[in-house]
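These notes concern the structure reproduced below.
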Amino acid sequence: MNVSLVLFTADLRLHDHPPLRAALDGARQVVPLFVRDRAVDRAGFAAPNRRAFLADCLRDLDAGLRERGGRLVVRSGELVEQVCRVAAEAEADEVHLAADVSAHARRREESLRRALESEGVRLHVHDEVTTAVGPGTLAPASSDHFAVFTPYFGHWSRARLREPLGAPRTVPVPEGVGSEELPARKDLAGLSPGLAAGGEEEGRRRFASWLRSGVGTYEDGHDDLAGDVTSRLSPHLHFGTLSAVELVHRTRQVGGLGAEAFVRQLAWRDFHRQVLAARPGAASADYRTKHDRWRSERTAHAEIEAWRAGRTGYPLVDAAMRQLSHEGWMHNRGRLLTASFLAKTLYVDWRIGARHFLDLLVDGDVANNQLNWQWVAGTGTDSRPNRVLNPVTQAKRFDPDGAYVRRWLPELADLAAPAVHEPWKLTGLDRAALDYPEPVVTLSEGLARFRRARERP
Ligand SMILES: Cc1cc2nc3c(=O)[nH]c(=O)nc-3n(C[C@H](O)[C@H](O)[C@H](O)COP(=O)(O)OP(=O)(O)OC[C@H]3O[C@@H](n4cnc5c(N)ncnc54)[C@H](O)[C@@H]3O)c2cc1C
């Protein structure tokens, strides 16, 4: 066999890359291809923050390939058409691709298989490239997937993972297969000013430093909003600049309570992927309907706008929303609280919140975002679907001295706790001096509305 093509998608790395290894084992030359898929733009999924991170990743992947004697080929257009065209130009006999879970990814894989087969080219799809344990690998006796995390995690923890692969020494790429210019972050507008840098090199540097000096404090500190001690590896996992298999192996080698807690979070990622693989419709429809008649963009316009802008009058909610717009990333505790506030306290359709997150999050991911939103809205896999997070209680637990709120809300920067979490309690000149809104709704009104809605037969 002479030439194989490797189609990179959400696996933008050279270390631990089974499709690349298989292609190099089977062929003399390899075409590493990335297609800027027009269907992703049409679906409104190409948010500026993720396009910028992607641009970094593609440049870094190209640099890594060049160090190994190769280069990255980038094309834009309809993915199937572009892959077939490059395969024909390079006279490739096979294409290697990582399996993925969304409905879009699976439709794309099927159309690609049919189109390539009609040209006499074989498509090889590799599992466990974008997950540690692949969807469908674990299932209870009575169903095609786990609907509850705890038993899933029991099985996941005992599953045998494949050994991580090293990066190849050389990647010989045939001459004469042209590439478009690589996209660059500097050409993009509308980015969050504090957006993180992408690329495999950056991801590996972050992960190494996390293992050295971060993971040890994770168990105790992961909910401390101001401490900000979580790994921030989510965009690297989303774009696949880091491999989940490698992360689990290397974190287990470090050991300890922090390592165990971190590995458990990686299992949540696989958990949501196996739910989405089995129920692709859960990206937009309730996984377990509660027959909600949600408030909508029309009926709750002002409150939704206040939530998006970080002007609800609840400082912890607003601080987290401002972090989202500034960094394109939000702490998990902030995501839980802001989602609960929108879906439960304001009783607004979870899809409106999920869309806003996807418009900004650099790690915005169909499986993780939509299924976490459903978990919080009580239409997903949470076993306590009607729990409502109270922003004041959450603030006292997870931002006790108010440092996180002061960091993100300059208008409250001179207030100490507890006033910083309940500015509506200030009176007279103290209150008049603040350019900060009154709460959009009282917590008791929000709670009563939600309970009435969920009690309805
Ligand atoms: C409403 C809502 C929306 C979310 N949307 C996304 C999203 O679009 N993309 C995304 O990657 N995560 C999402 N999460 C999950 C979680 O908040 C982020 O993965 C995490 O905050 C990323 O920060 P980190 O890398 O420092 O996480 P760490 O705490 O360091 O965790 C390590 C990794 O484990 C995975 N992980 C952690 N928590 C979860 C979880 N609850 N579900 C699935 N995987 C998890 C992530 O890949 C993360 O990078 C969402 C959570 C909520 C409540």
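Remarks
- Modelled label reach - T289, point 7 Å along Cα→Cβ, region 333-373 residues with backbone N closer than 17 Å: 349-351
- Kyte-Doolittle at least -1.0, axis length at least 20 Å by Cα - qualifying DSSP helices, the chain: 48-67, 257-278
- With R₀ fixed at 35 Å, the C-beta to C-beta distance from N386 to A103 puts the FRET efficiency at about 0.75.
- Zone residues, region 272-300, relative to R452, backbone N less than 17 Å from point 7 Å out along Cα-to-Cβ: 292-296, 299-300
- Our summary gives the chain a relative contact order of 17 percent, counting only alpha carbon pairs under 8 angstrom and 6 or more residues apart.
- Whichever lysines have a C-alpha closer than 26 Å to that of K290, once near sequence neighbours (fewer than 8 apart) are set aside: K344
- Shape analysis of region 229-336 places it in the oblate category; the axes a ≥ b ≥ c from the Cα gyration tensor give an a/c of at least 1.5, with a/b not above b/c.
- Cα→Cβ-extended label distance, 7 Å offset, between D144 and E163, nm: 3.5 nm
- The trypsin sites (Lys or Arg not before Pro) of region 350-417 that DSSP puts in a loop, and whose beta carbon has at most 13 other beta carbons within 10 Å, are R387.
- Contour excess over end-to-end distance, with Cα ends at D25 and E260 and 0.36 nm allotted per residue: 81.1 nm
- Burial ordering of L447, L276, fewest other beta-carbon atoms within 10 Å first: L447, L276
- The chain: C-alpha gyration tensor shape, a/c 1.5 cut-off, then a/b vs b/c: prolate
- Length-normalised contact order for region 270-416 - Cα pairs under 8 Å, 6+ apart - percent: 27 percent
- 3J(HN,Hα) from dihedral phi, region 163-178, Karplus parametrisation 6.51/-1.76/1.60, rounded to Hz, x for glycine, proline: 6, x, 9, x, 6, x, 6, 9, 10, x, 10, x, 6, x, 9, x
- Oblate is the label for region 325-416, because the ratio a/c of its alpha-carbon gyration tensor axes (a ≥ b ≥ c) is 1.5 or higher and a/b is not greater than b/c.
- Proximal aspartates and glutamates to K425, defined as alpha-carbon separation beneath 19 angstrom and excluding residues fewer than eight positions away on the same chain: D318, D399, D401, E411, D414, D435, E438, E445
None of the figures in this text is laboratory data; all of them are computed from the coordinates on show. Computed from a predicted model, the values in this text were never measured in an experiment. Because the Cβ atoms are built from the backbone with ideal geometry, glycine has one as well, and the counts that use them run over all protein chains shown.
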